[in-house]
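Everything on this sheet refers to the single structure shown next.
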């Protein structure tokens, strides 16, 4: 495998990660990971639990420090930037488990997503766009987040991520724990968001749906990228079928 994999992607690179090593305290999560995300693409990180996917997401948004390597976004090195500064550049993370404020209303949760100066300027416009994407949130705007169903909470988490007006939206296990019909709706929504020009970096254990959706995908195993390519091509790979699809 190439040390720094490059894919034949149609658009310019928005995010480039090179030789990224990350530690959780004394435990190493990734070893010199290399990947890129093309502008306006859907790019996926796929792997089993403990592969390092969430660590990479947290490192990109500045929650988890990188030990070695570089993260370059729109030509800018992110290494010394605080998480809020990265959000202001257009990077937004929808974390695994949603992490909503349960005893704030739907609208209050959404408004918190627009905390940066850049996002506040268009708060009302973005709010209406989120309500258009998720009409149920408009109907539930004055309800406490804790009263929503699982699917509605996931919509709210994605909506809150969109309130920061991102150029890069990172989604960590957005379908986790949801009923199959809601899972389909979540993946349809991801496609809709991408169609508006937002670049998506997707972490998912629903490998089949993810690879069908992604223009590019990287397979992670124990902190290393072991395979990469076009999503549909990887779906036909015998190793992927055996390891992740049970075929």
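For region 50-62, filtering for residues that are part of a loop (DSSP other than H, G, I, E, B) and under 16 Å from the mean Cα position of the chain (by Cα) leaves 4. Here is a check on your reading of the model: is residue 128 in contact (Cβ under 8 Å) with a residue 24 or more places away in the chain, in a helix (DSSP H, G or I) and within 19 Å of residue 189 (Cα to Cα)? For residue 128, the condition - in contact (Cβ under 8 Å) with a residue 24 or more places away in the chain, in a helix (DSSP H, G or I) and within 19 Å of residue 189 (Cα to Cα) - is not met. Checking the structure you have, find out if any residue of region 110-117 is loosely packed, with under 15 Cβ neighbours inside 10 Å and either assigned to a helix (DSSP H, G or I) or touching a strand residue (DSSP E or B) at 6+ places or on another chain (Cβ under 9 Å) (or both). Yes, region 110-117 contains at least one residue that is loosely packed, with under 15 Cβ neighbours inside 10 Å and either assigned to a helix (DSSP H, G or I) or touching a strand residue (DSSP E or B) at 6+ places or on another chain (Cβ under 9 Å) (or both). Among the residues of region 39-57, those that are under 19 Å from residue 198 (Cα atoms) and surrounded by fewer than 20 Cβ atoms within 10 Å (Cβ to Cβ) comprise 39, 40. Among residues of region 63-80 being outside any strand (DSSP E or B) and over 19 Å from residue 97 (Cβ atoms), the one that is modelled with the lowest pLDDT is 65. Under the condition of being touching a strand residue (DSSP E or B) at 6+ places or on another chain (Cβ under 8 Å), farther than 24 Å from residue 198 by Cα and part of a loop (DSSP other than H, G, I, E, B), the residues counted in region 214-247 number 2. Can we say residue 9 is surrounded by fewer than 23 Cβ atoms within 10 Å (Cβ to Cβ) and either under 28 Å from residue 239 (Cα atoms) or at pLDDT 90 or above (or both)? Yes; evaluated as a whole, the condition is true for this residue. Of the helices (runs of 4 or more DSSP H) lying entirely inside region 144-213, those containing at least 3 residues that are closer than 20 Å to residue 60 by Cα and either out of contact with any helix residue (DSSP H, G or I) (no Cβ under 8 Å at 6 or more places or on another chain) or touching a residue at least 24 places away in the same chain (Cβ under 8 Å) (or both) are 150-162. Checking each residue of region 81-98 against the condition of being assigned to a loop (DSSP other than H, G, I, E, B), more than 19 Å from the chain's Cα centre (by Cα) and closer than 19 Å to residue 199 by Cα gives no match. Report yes if residue 70 is within 17 Å of residue 202 (Cβ to Cβ) and either in contact (Cβ under 8 Å) with a residue 12 or more places away in the chain or in contact with a helix residue (DSSP H, G or I) (Cβ under 8 Å, 6 or more places away or on another chain) (or both), otherwise no. In short, no.
Of the residues making up region 15-28, just one is within 16 Å of residue 218 (Cα to Cα) and touching a residue at least 60 places away in the same chain (Cβ under 8 Å), namely 15.
Among the residues of region 79-100, just one is closer than 20 Å to residue 24 by Cβ and surrounded by 23 or more Cβ atoms within 10 Å (Cβ to Cβ), namely 93.
The values are calculated or read from the model by the stated rules, or taken from the named source; none is laboratory data. Because the structure is predicted, anything quoted here is derived from the model rather than measured. Glycine gets a Cβ as well: all are built from the backbone with ideal geometry, and neighbour counts include every protein chain shown.
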